[in-house]
Amino acid sequence: MTQLTAKASASLDGTIICPGDKSVSHRSLIFGALAKGKTTITGLLTGDDVLSTASALRQLGVTISTPETNADGQYVAQQVVTVTGVGLGAFAEPGLPLDLGNSGTGARLLMGVVAGAGISAVFTGDASLSGRPMQRIMTPLSQMGATFTARDGDKLPLTVKGVRQPQSLDWQSTMASAQVKSAILLAGLTARGQTSVTEPVASRDHTERMLRHFGVDVATTTHSDNSYTASITGEASLTAADIIVPSDPSSAAFPVVAALITRNSTVTVTGVSINPYRFGLYQTLIDMGGDITISNERVEGGEPVADLICRSSQLKAITVPASRAASMIDEYPVLAVAAAFAEGVTHMPGIEELRVKETDRIALMEDSLQRGGVDITSTHDSMTVTGAPEQQGGMTIDAQHDHRIAMSCLVFGLASREPVTVTGCETINTSFPGFDHLMQSLGADIRADQIDADKKNHKGNT
Ligand code: S3P
């Protein structure tokens, strides 16, 4: 069990590169697998979630090169990985369950792949993933012809029996979910005719972008009421295409918020995706008076990226528009931390989806920050934080298999009076391997506690 403690740290300073985008990394492996030919991926995230997707794809018969490690067995940065695709409909039926670990994206997207591939597969995961709802995937994919059996109706372990040629589908989604949209479009690739997904507001569009990059026609429309439709024509074929993975804005969020809420800090994070469907946190922090300069905007591998220069700021509370939730859904925990140090009352409505992420993130942030002295309340679909110039901190929390809760609470500990300890920090490896070292390189006092050594000492004393 890895335990980290964060202590008050001023003057964070430096230029860093955050790991590759998790959403783009999953998709680059999956679309590379569906394509004919060899796809080279530069900058693949070697977080546990993405490695779980890679292992599952290998079980389906796909050849993926092993990410490079250094002499200490650590994955090197800027990984170059190749995927030798099998083409649509040519997957092998796995002999063993596909274990997607902690990864909702890996599980849900691969359910779409299996549903349209005419094979059966059992999906398993860790305690967190095994508690997450899959009905949102099962209902549309069942209408396309796949059959499911699952524990408690829609929980992992879950078996998907796919069909070789699914029914095409015109799906009206009640939620803005890129995982739902992607699973349906992936199954639709082998269907006859057009498959469409309409969402109440657009979720992240990496699937649409990457399908186009692999040669598939994708039609997208934003309607006058802000709803959004993405459509593909089935019986498609994907051609291998190289990918450059931008840095993950959801990971960059942690050093960025840390820079804003600590004193005398200037942190530059380079090459971060500024995809408009992922930019909500940054827009919100700028609206709150955060000193963030967006420089060197460019397009890399089909995604807009920029360098973000972030300086200590006195933030001012705002009400975050609910319509922005989809573009920052993973960033509310760390926004709650920023709000704790802002002047006034920050209200975050329209975030019910947070209740079914790796944990119930509304409940866990409320409990964790309250224990650190923060005035935070919630309803079923909102959080409200009344900020203060100083916060007490001093709490110990268990990450409960939720990487973003772990990192958010550690960032809080960099600005609170008393240290913050988080247990179960190995979960940070799902999305941000090397988080503690990267933060230390900026001057952040985040350290691993010697639990094993302490335990041994205690044993010796009794
Ligand atoms: C993701 C979509 C989001 C997000 C998750 C990654 C993706 O989930 O929370 O971390 O890569 O498609 P939903 O779109 O289902 O809310």
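The values are calculated or read from the model by the stated rules, or taken from the named source; none is laboratory data. None of the values given here were measured: they were computed from a predicted structure. Glycine also receives a Cβ, built like all others from the backbone with ideal geometry; neighbour counts cover every protein chain displayed. Surface accessibility is based on the protein's heavy atoms, side chains included, excluding ligands, DNA and RNA. Shrake-Rupley method; radii C 1.70, N 1.55, O 1.52, S 1.80 Å.
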Which of (1) modelled with pLDDT of 95 or more; (2) surrounded by fewer than 19 Cβ atoms within 10 Å (Cβ to Cβ) is the odd one out, the single condition GLY89 does not satisfy? (1)
Restricting the stretch 93-119 to residues that are in a loop (DSSP other than H, G, I, E, B) and within 25 Å of the chain's Cα centre (by Cα), the one farthest from the ligand (Cβ to nearest atom) turns out to be PRO97
Considering the stretch 171-187, residues that are surrounded by 15 or more Cβ atoms within 10 Å (Cβ to Cβ) and out of contact with any Lys or Arg (no Cβ under 8 Å at 6 or more places or on another chain), and then whichever is nearest to ARG355 (Cα to Cα), we arrive at ALA176
Do any strands (runs of 3 or more DSSP E) entirely within the stretch 171-282 hold 1 or more residues that are under 30 Å from ASP445 (Cβ atoms), and if so, which? 266-273
In the stretch 339-390, how many are more than 23 Å from the chain's Cα centre (by Cα), open to solvent by less than 10 Å² (accessible area, probe 1.4 Å) and either on the phi > 0 side of the Ramachandran plot or not hydrophobic (A, V, I, L, M, F, W, C) (or both)? 2
Every residue in the stretch 392-413 that is open to solvent by less than 10 Å² (accessible area, probe 1.4 Å) and under 21 Å from GLY344 (Cα atoms), please. GLY393, SER408, CYS409, VAL411, PHE412, GLY413
Inspect the stretch 188-198 for any residue being closer than 27 Å to ALA219 by Cβ, surrounded by fewer than 22 Cβ atoms within 10 Å (Cβ to Cβ), without any contact (Cβ under 8 Å) to a residue 60 or more places away in the chain and within 16 Å of the ligand (Cβ to nearest atom) and give the result as yes or no. yes
Log entry, pairs with first residue in the stretch 211-235 being in the same structural domain as THR39 (by TED's automatic domain parsing), second being modelled with pLDDT under 95 and not acidic (Asp, Glu), beta carbons closer than 7 Å, six or more apart or on different chains, reads HIS213/GLY302
The number of residues in the stretch 156-180 that are away from the ligand (no atom under 16 Å from the Cβ) and within 21 Å of the chain's Cα centre (by Cα) is 0
State the number of residues belonging to the stretch 300-334 that are touching a strand residue (DSSP E or B) at 6+ places or on another chain (Cβ under 7 Å) and closer than 22 Å to PRO19 by Cα. 12
PRO433 fails exactly one of the following numbered conditions: (1) surrounded by fewer than 24 Cβ atoms within 10 Å (Cβ to Cβ); (2) part of a helix (DSSP H, G or I). What is the number of that condition? (2)
Flag if ALA230 is within 12 Å of the ligand (Cβ to nearest atom), hydrophobic (A, V, I, L, M, F, W, C) and more than 16 Å from THR105 (Cα to Cα): no
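Each row is one residue, and each column tells you yes or no for (1) under 26 Å from SER25 (Cα atoms); (2) modelled with pLDDT under 95; (3) crowded, with 23+ Cβ neighbours inside 10 Å; (4) assigned by TED's automatic domain parsing to the domain that holds ASN226.
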position: PHE279; (1), (2), (3), (4): yes, no, no, no
position: GLN283; (1), (2), (3), (4): yes, no, no, no
position: ILE286; (1), (2), (3), (4): no, no, no, no
position: ASP291; (1), (2), (3), (4): no, no, no, no
position: ASN296; (1), (2), (3), (4): yes, no, no, no
position: GLU300; (1), (2), (3), (4): yes, yes, no, no
position: ILE309; (1), (2), (3), (4): yes, no, no, no
position: SER312; (1), (2), (3), (4): no, no, no, no
position: LYS316; (1), (2), (3), (4): no, no, no, no
Is it the case that the stretch 207-216 has a residue that's more than 16 Å from the ligand (Cβ to nearest atom) and open to solvent by less than 20 Å² (accessible area, probe 1.4 Å)? yes
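One line per residue, one yes/no per condition, for (1) within 13 Å of LEU335 (Cβ to Cβ); (2) within 16 Å of the ligand (Cβ to nearest atom); (3) at pLDDT below 95:
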| residue | (1), (2), (3) |
| --- | --- |
| GLU352 | no, yes, no |
| SER368 | no, no, no |
| THR377 | no, no, no |
| SER382 | yes, no, no |
| ILE397 | no, no, no |
| HIS401 | no, yes, no |
| ARG404 | yes, yes, no |
| SER416 | no, no, no |
| VAL420 | no, no, no |
